[in-house]
1. As a quick test, which of the pairs Lys79/Lys110; Lys25/Lys77; Lys25/Lys189 have an alpha carbon distance above 21 angstrom in this structure?
2. Mind running the shape call on the stretch 148-191? Use the C-alpha gyration tensor, a ≥ b ≥ c as the square roots of the eigenvalues: rounded below 1.5 for a/c, prolate if a/b tops b/c, oblate otherwise.
3. Run the dipole for the stretch 149-191 about the Cα centre, Lys and Arg Cβ at +1, Asp and Glu Cβ at -1, nothing else charged, and hand back the magnitude in debye, nearest 20.
4. If you stretched the chain out fully between Ser65 and Asn191, how much longer would it get, using 0.36 nm times the residue separation minus the C-alpha to C-alpha distance?
5. Given 0.36 nm per residue, what is the gain on full extension from Ser175 to Glu114 after removing their alpha carbon distance, in nm?
6. At a probe radius of 1.4 Å, what is the per-residue accessible area of Leu111, in Å² to the nearest 10?
7. What full-extension length gain, to one decimal in nm, is calculated for Thr76 and Lys158 as 0.36 nm per residue of separation minus the Cα-Cα distance?
8. Let me know the shape class of the stretch 35-105, please: from the alpha-carbon gyration tensor, a ≥ b ≥ c as square roots of the eigenvalues, rounded when a/c is under 1.5, otherwise prolate if a/b is greater than b/c, or oblate.
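The values are calculated or read from the model by the stated rules, or taken from the named source; none is laboratory data. Keep in mind that what you see is a predicted model, and the values were worked out from it rather than measured. All Cβ positions, glycine included, derive from the backbone under ideal geometry; neighbour counts span all protein chains shown. In case anyone asks, the SASA skips ligands and DNA or RNA and just uses the protein heavy atoms, side chains included. Shrake-Rupley method; radii C 1.70, N 1.55, O 1.52, S 1.80 Å.
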Amino acid sequence: MKERTAHANTIRLSSPRAGGGVFTKLMKIPGVQLIYVSALACTRHRNIDFIQMQRVGRLSFLLFSEVDMITGDYITKTKDAAAEIAAERSPTGIILLTGCQSALLSTDYKLLSEEIEQEIGVPVRVHDGCRLCGFDEEAGGSSSVDQLLYAFIKPAGKSEELSVNILGSAELDGSGELFSFLEAAGVQKIN
C-alpha cells in the first residue's frame, strides 16, 4: 500500500470562525504582505489585529497626512511603500488595505495596483470594502474578502500523472474507503 503523506506544496486556506474580521481572513494567505494605507486616526479601530499581524511581520503601515491627500502624493508614496516591502520581504503578493480618504478622492486602485504590479513583479490586490472597523460590508453571497483569499492562487502546471484533489474542512483518514476507491480507479496521486 502506498504511503499517504501531505504534498510538500499543500496550500490550506480557511475562513475564520465567527468573530474574525477582514484582517484575520487575509492573514490566511501564505506569503502575502498587507499594507495599511490610510490616515493615522483610522488605525485605532483594529489595533489587536494590527498588533498580531505586525508581530509576525505581515503588516506595514503607510499613514497619510492631509497634505499627502490634497496634493495626491499618497499615490507616489503607496507605490514607493509597495516597492520597499517587495524588496525587503520578497512577498508572494501584496494587499493594500485602504481607508475612506482614498474612496472620497475616487482613487483608481485598479490602475494603481496594475502599475505597482508591473514595477515590482508580484501580484497586488486592493481591499477597499472595509470602512472604519475592517468588516466586510457585503451581506450574503461571495464577499470581496473571500475573493481576495483566492486571488493569489494560480493553477499548477498540468501533470501527466493521474491525480485527484480532495477539498474539505476536515483531515481525511488515509485508511478510509475513498482512498481505496481512488487507487482502484487508477489514481496515482491523491492531494
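1. The answer is Lys25/Lys77; Lys25/Lys189.
2. Oblate, since a/c reaches 1.5 and b/c is not below a/b.
3. Once rounded to the nearest 20, the dipole reads 300 debye.
4. That works out to 40.5 nm of additional length.
5. 17.3 nm
6. Roll a 1.4 Å probe over it and Leu111 shows about 80 Å².
7. Extending this stretch completely gives an extra 25.6 nm.
8. oblate
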